[in-house]
Amino acid sequence: NVMIDGRGKARITDFGLAGLAGDFQGHEVRAGTPAYMAPEQLAGREVTAKSDIYSLGLVLYEIFTGKKAFDAATLEDLIKQRETTTPPSISDYVKEVDPLVERVILRCLERAPQARPSSVTQVAAALPGGDPLAAAIAAGETPSPEMVAAAPKEGALRPVAAVACLAGIIIQLAFFVLAAGKTAIQNRMPLDKPPEVLAERAVSIINRFGYTEPPVDTAYWFRFDDAYREDSKMKDALQSNVEMLATGQPPVISFRYRQSPRYLEPYNGERVWFTDPPMLVSNMVNLTLDTRGRLIEFNAVPPQVDESQQPTAPFDWTVLFSEAGLDIADFTSSNSTWTAPVSYDARAAWEGACADNPDIPVRIEAAVNRGKPVYFQIVYPWDKPLRQEEAAGLAGRNVAGILITIIFIAGLIGAVLLARRNLKLGRGDRKGALKIVLVAFCCAMLGSLLSADHVPTLGGELSVIYEAASWSLVVVALLWVAYVALEPYVRRRWPRLMISWSRLLSGGWRDPMVGRDILVGGLLGLGHTLAIQLSIFLPRLLGLPSFTGLSFAPDAQGLTSSIAFVSTILPRSIFVGMGFLFLSLLFYVLFRRQWLAASALWLMIFVVDGLAFYSGDPWIAWISPVMIATIAVITVVRFGLLSVVAFEFFFFLSAQRALTSDLSKWFAGETIFVVAVLLGISIYSFYTSLAGQPLFRGQILQD
């Protein structure tokens, strides 16, 4: 008997028929109303809590449809119906019924007690006003992506928490920009000349060396040389006197220029580099300048056919020294040991000191062919003959690279197998995967095309498009496999880590949980960059050597390159985010405890990051990988996929661009772009996370 009290609430009255299942014996088992009894109760068998769940299912069926699940004229017919037939689907009567509600009610009406829901709480969670996500998990089912997106969890931040997150982002960004003069090498070097000025300087040197024919194609860029870190003497010298970089020598950041009598069409990728396309065409020239415009390296290809038989006059080597800003009188002639990569008829070598830094020894090698320079190089102590031997690299970084390679290959194989299994079982979120790969493909293509070196020929442009499309397809294939393999398992075990992501894929751009997770992920991602900055400042505070830092050469292509970078890091952030979740799930499967899985993930991030970037640094600098691993694990296990993607995006953009606080610098636009993008995303997520809550009217003070 279900009655409604004066407050409108349902009351179940039994008139003395209710009791513990073990109290009913014999004929008492069949006491009650037969129309609402379970089959085992009608048959006089043992009754359990599952029998009451069956009765609840009959009541719910009638509430939703207005009809009885079984309608029989006699008790015998009723027993027969319960034992041999199933009731019609609720959707036959009510088309708009929630599929989860229908499924849980029909499960209540299963003939076998063990097939029914395990508890009334599980049933209640699936009903309107309940938590369908909790119901599906309690039932041992994998909730659908739509169910995850519709989970009844608002996710809005309190105004005080939202303001604190936004303030944290603004403060960190301001710190990065203001501290760039102390932490970034590019701000300690003379980078006053913009790339266009250095390109003109390169052309004047080339013309002076006798290569006066106008080029058909040119390319130029800045290069950051990390080789000095592998030279212990050089590293110690820079740690004790970083101010030596203020002269531009040694050229930790250099300017590279190429020109060619034919279009420069790279063999690998879409970008022109120093050796791609190879130096094979006569009168091809490449050279390297320091940031002040002084010559460091010069290479030119002599004519393939030389019909001149006249001997050439001795070459005036002082011309090369002059362009390098050096005085030949300060150098001692030596035997030439570094050979030019092209033919020559004379070569020479000298030994002396680095320009502006006499404590750094250098060697100069040069060669000429028919009175024109074809080779010039200032060889620094850390330079290796790369045509002859392979760069060894730091031991810690090599070990980290091996670990990352093993993890990637093992993860890829596992992802392929899991994706295949999920597709066979029909468990993969194909719609979500399609949306992801479409966005990722467009972003990867845009980034590749914007950063490519284009040529005005059909074949050249087709080659650029082919390379861009090939790389983009590789990216989206990896993303698709990873998502189809990972998403169903995370959705089943930790569905709350997917709620904001599922809502975003469903078009919930203004969902408060989406805003919350992006805002928090962005804050923690900047915390990753801050941890790296601390590895520079903390050793200095303790009087220890410190030179490790965020050092990237400014981009010579300006705004175009910045947009290309943003387009490229978005799919990379998604892939890394899914990688962290995949590893977390893998460790959970291995250890069967979430805290053990989180600990294993923390240890892996700490070891890889520490070996790759902090081996050989002072002990205090290792606080950085500790912080990075901690922040990353918190983001993964507490906030989920969308926060991890935001974490990686904010980190990549804040840590891998050349920032400066001097707005008069020619590359200050790069800083403005980075700050504008990150602030724009932060303000959007801040506003969305509030879900319309007012900031003022005393609420912040009340909080």
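Spelling out what I want: for every residue of segment 577-591, take phi, set θ = phi - 60°, compute 6.51 cos²θ - 1.76 cosθ + 1.60 (Karplus), and round to whole Hz; glycine and proline get x.
Along segment 577-591, the couplings run x, 5, x, 5, 5, 4, 5, 4, 5, 4, 5, 5, 4, 6, 9 Hz.
Tell me the net charge near residue 303. Cut-off is 12 Å between Cβ atoms, residue 303 excluded, with +1 for each Lys or Arg and -1 for each Asp or Glu.
Values: positive: 370, 372; negative: 213, 306, 307.
Combined, the nearby Lys, Arg, Asp and Glu give -1.
Residue 384: which aspartates and glutamates have alpha carbons under 16 Å from its alpha carbon, excluding same-chain residues fewer than 8 sequence positions away?
Residue 384 reaches 225, 226, 230, 231, 297, 365.
Grab the Cα-Cα distance for residue 74 and residue 435, subtract it from 0.36 nm times how many residues apart they are, and report the gain in nm with one decimal.
On the way: separation 361, 0.36 × 361 = 129.96 nm, distance 5.60 nm.
Extra length available between residue 74 and residue 435 comes to 124.4 nm.
If I fit a long axis through the Cα atoms of helix 641-655 and take the longest principal axis of the Cα atoms of the chain, what angle between them do I get, 0 to 90°, rounded to 10?
Approximately 20 degrees, to the nearest 10.
Using only the heavy atoms of the protein chains and a 1.4 Å probe, how would 421, 111, 7 rank by accessible area, largest first?
On the way: 421 125, 111 100, 7 205 Å².
These residues rank, largest area first, as 7, 421, 111.
Using mean Cβ contacts within 10 Å as the protection proxy, how do 162-170, 463-471, 90-98, 500-508 order, highest first?
The peptides rank, most packed first, as 500-508, 162-170, 463-471, 90-98.
Describe numerically, in nm with one decimal, the distance between label points set 7 Å from Cα along Cα→Cβ at residue 509 and at residue 372.
5.6
Grab the beta carbon distance between residue 207 and residue 622, set R0 = 41 Å, and tell me the FRET efficiency rounded to 0.05. Write out the running numbers ahead of the final one.
Values: r = 52 Å, r/R0 = 1.26.
Efficiency, rounded to the nearest 0.05: 0.20.
May I ask you to derive the FRET efficiency for residue 347 and residue 263 from their Cβ-Cβ distance with R0 = 35 Å, giving the value to the nearest 0.05?
Working: r = 31 Å, r/R0 = 0.89.
It comes out at approximately 0.65.
Nearest 10 degrees is fine. How inclined is helix 49-65 to the longest principal axis of the chain, computing both from alpha carbons?
90
Quickly estimate the mean residue ellipticity at 222 nm for the chain, helices only: each DSSP H run with n ≥ 4 gives -39500 (n - 2.57), and the total goes over all residues, rounded to 500. Before the final figure, lay out each step's value.
Values: 22 runs with 347 residues, N = 703.
Using -39500 (n - 2.57) per qualifying helix, the result is -16500 deg cm²/dmol.
Once both axes come from the Cα atoms, what is the angle between helix 395-425 and the longest principal axis of the chain, in degrees from 0 to 90, rounded to 10?
40
Please work out how much length the chain gains when fully extended from residue 357 to residue 106, using 0.36 nm per residue of separation minus the C-alpha to C-alpha distance, in nm with one decimal.
On the way: separation 251, 0.36 × 251 = 90.36 nm, distance 8.34 nm.
That works out to 82.0 nm of additional length.
Tell me, what HN-Hα J-couplings in whole Hz come from the Karplus equation 6.51 cos²θ - 1.76 cosθ + 1.60 at θ = phi - 60° for each residue of segment 469-484, using x for Gly and Pro?
Working through the residues one at a time gives 5, 4, 5, 5, 5, 4, 4, 6, 5, 4, 5, 5, 4, 4, 6, 5 Hz.
For the chain, what relative contact order do you get, as a whole percent, if you take Cα pairs closer than 8 Å and at least 6 residues apart? Each step should come with its number before you reach the end.
On the way: 1067 pairs, mean separation 104.6, N = 703.
Averaging sequence separation for qualifying contacts and normalising by length gives 15 percent for the chain.
Cα-Cα over 23 Å: which of 50/80; 67/95; 193/372?
Details: 50/80 20 Å; 67/95 15 Å; 193/372 28 Å.
With Cα atoms farther than 23 Å apart: 193/372.
Take residue 421 and residue 592, extend 7 Å from each Cα along the Cα→Cβ direction, and tell me the distance between the two endpoints in nm.
Label-label distance for residue 421 and residue 592, simple model: 1.7 nm.
Quick one: which residues, 5 or more positions from residue 217 or on another chain, have an amide H under 5 Å from its amide H? H modelled 1.01 Å from N in the peptide plane, none for Pro or chain starts.
Residues meeting the amide H criterion: 260, 262.
Between residue 305 and residue 474, what's the calculated FRET efficiency when r is the beta-carbon distance and R0 is 35 Å? Round to 0.05.
On the way: r = 42 Å, r/R0 = 1.20.
Calculated value: 0.25.
Search the structure for amide H atoms under 5 Å from the amide H of residue 379, placed 1.01 Å from N in the peptide plane, and list their residues when 5 or more places away or on another chain.
The answer is 363, 364, 365.
Could you give me the ³J(HN,Hα) list for segment 512-520, computed from phi with Karplus coefficients 6.51, -1.76, 1.60 and θ = phi - 60°, whole Hz, x at Gly and Pro?
For segment 512-520, the Karplus-derived couplings read x, 5, 4, x, 4, 6, 5, 5, 5 Hz, x marking Gly and Pro.
Using a 1.4 Å probe on the protein heavy atoms only, what accessible surface does residue 226 show? Give it in Å² to the nearest 10.
50
So which chymotrypsin sites (Phe, Trp or Tyr not before Pro) in segment 261-316 end up in coil per DSSP with only 14 or fewer other C-beta atoms within 10 Å? Write down the numbers at each step before the final one.
Details: sites: 263, 267, 273, 274, 298, 315; in loops: 263, 267, 274, 315.
Listed in order of number, the matching sites are 267.
Calculate the spin-label point distance for residue 120 paired with residue 461, positioning each point 7 Å from the Cα along the beta-carbon direction, and give it in nanometres.
7.3
Quick one, which of (1) 1.10; (2) 1.14; (3) 1.03 is the actual Rg/Rh (Cα atoms, Kirkwood Rh) calculated for this model?
Given (1) 1.10; (2) 1.14; (3) 1.03, the calculated one carries the label (2).
For residue 660, what residues show an amide H to amide H distance below 5 Å, using hydrogens built from the backbone and excluding near sequence neighbours?
Those qualifying (amide H under 5 Å, at least 5 residues apart or on another chain) are 671.
The values are calculated or read from the model by the stated rules, or taken from the named source; none is laboratory data. Treat the numbers as computed from the prediction; the structure is a model and nothing was measured. All Cβ positions, even for glycine, are placed from backbone atoms using ideal geometry, and neighbour counts span all protein chains on display. Note: accessible area is taken over every heavy atom of the protein model, side chains too, but ligands, DNA and RNA are not part of it. Shrake-Rupley method; radii C 1.70, N 1.55, O 1.52, S 1.80 Å.
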